[in-house]
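The values are calculated or read from the model by the stated rules, or taken from the named source; none is laboratory data. Everything numeric here is computed off the predicted structure, so don't read it as measured data. Positions of Cβ are generated from backbone atoms using ideal geometry, with glycine treated the same way; all protein chains shown enter the neighbour counts.
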């Protein structure tokens, strides 16, 4: 029994050391935002990547944690497939993507893109804790955390490890099925006391590049309905653009190459709203501190 007790004690000490280092690392990051959806297939990771690029274009120092342990896709979208994390005396260094974006993903630890991650909950929480504590993120204005669909292990782990998180962004598409599931993600965030920055409606209509006509392929207004029913802000609509998919597959930032497109303009407007939220939050926190 003594050997088993020693193992348990060592495990506890390791976790405590990681959580201490996590607090040190996170103090250097001004804002932390999680991007979630209740349903897969809504383009959440694509939204996360283009928001990161938009923030970087606005002068922010940005990092992305790809917390989708089983289906990491951020490296592919940023042209970083095949990269590996470098280890140095202070810890592990993230990969550097376009616009100096710091990127960490399970993809960097796999032998090839076809290797599956077959893990249960405790291992996934351990990985996320290490991504936050062992990575030398440096001084950042913003860390975006791209979470897998649903309200399971990864979202819960991030919420528990980062109680000071600035908030979460919900991504949906206009379909009724997506709305139903995303409402559960909103309830999840409210239950955990996470500030909800707002909801983004992705794939919100197709704008013909030739004539400019708009077609609502997946209906429209789903994001606004969620916002109205759940009492949360609506951040905006991102129209379907074939080049978003093409650029994601090529690992090229869409928003940087097509700045004047309707989709890019929508991304930039959403970023402005998020910046306003973060500024108001900072003012509120400062006011509370002064009262204290």
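Okay, here's what the table says:
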quantity	calculated
Conditions (1) over 15 Å from residue 229 (Cβ atoms); (2) touching a helix residue (DSSP H, G or I) at 6+ places or on another chain (Cβ under 6 Å); (3) buried (at least 23 other Cβ atoms within 10 Å of the Cβ); (4) at pLDDT below 95: number failed by residue 203	(2)
Matching residues, the stretch 23-49, being out of contact with any strand residue (DSSP E or B) (no Cβ under 6 Å at 6 or more places or on another chain), modelled with pLDDT of 90 or more and farther than 23 Å from residue 97 by Cα	23, 24
Residue match in the stretch 214-222 (condition: under 30 Å from residue 32 (Cβ atoms), touching a strand residue (DSSP E or B) at 6+ places or on another chain (Cβ under 8 Å), in a helix (DSSP H, G or I) and modelled with pLDDT under 95)	yes
Members of the stretch 106-122 found to be surrounded by 13 or more Cβ atoms within 10 Å (Cβ to Cβ) and more than 16 Å from the chain's Cα centre (by Cα), listed by number	108, 109, 110, 117, 119
The stretch 117-135 - residue that is under 16 Å from residue 75 (Cβ atoms) and not in a helix (DSSP H, G or I) and, of those, modelled with the lowest pLDDT	117
Number of the condition not met by residue 83 [criteria: (1) surrounded by fewer than 21 Cβ atoms within 10 Å (Cβ to Cβ); (2) closer than 25 Å to residue 118 by Cα; (3) at pLDDT 95 or above]	(3)
Any hit, the stretch 4-15, residues being within 25 Å of residue 161 (Cα to Cα) and either at pLDDT 90 or above or surrounded by 23 or more Cβ atoms within 10 Å (Cβ to Cβ) (or both)	yes
Residues satisfying the stated conditions in the stretch 160-184, i.e. closer than 25 Å to residue 241 by Cβ and in a helix (DSSP H, G or I)	176, 177, 178, 179, 181, 182
Single unsatisfied condition, residue 270 versus (1) surrounded by 20 or more Cβ atoms within 10 Å (Cβ to Cβ); (2) farther than 28 Å from residue 97 by Cβ; (3) at pLDDT 95 or above	(2)
Residues that are touching a strand residue (DSSP E or B) at 6+ places or on another chain (Cβ under 9 Å), assigned to a helix (DSSP H, G or I) and in contact (Cβ under 8 Å) with a residue 40 or more places away in the chain, drawn from the stretch 226-262	226, 230, 244, 262
Identity of the residue in the stretch 171-181, over 20 Å from residue 267 (Cα atoms) and within 20 Å of the chain's Cα centre (by Cα), that ends up surrounded by the most Cβ atoms within 10 Å (Cβ to Cβ)	178
Qualifying residues in the stretch 145-159 (those that are assigned to a helix (DSSP H, G or I) and within 12 Å of the chain's Cα centre (by Cα)) - the one farthest from residue 120 (Cα to Cα)	158
Unique match (being surrounded by 13 or more Cβ atoms within 10 Å (Cβ to Cβ), farther than 18 Å from residue 126 by Cα and without any contact (Cβ under 8 Å) to a residue 24 or more places away in the chain) among 36, 53, 29, 96	96
Qualifying positions in the stretch 55-103 - in a helix (DSSP H, G or I) and touching a strand residue (DSSP E or B) at 6+ places or on another chain (Cβ under 9 Å)	55, 56, 74, 75, 99, 100
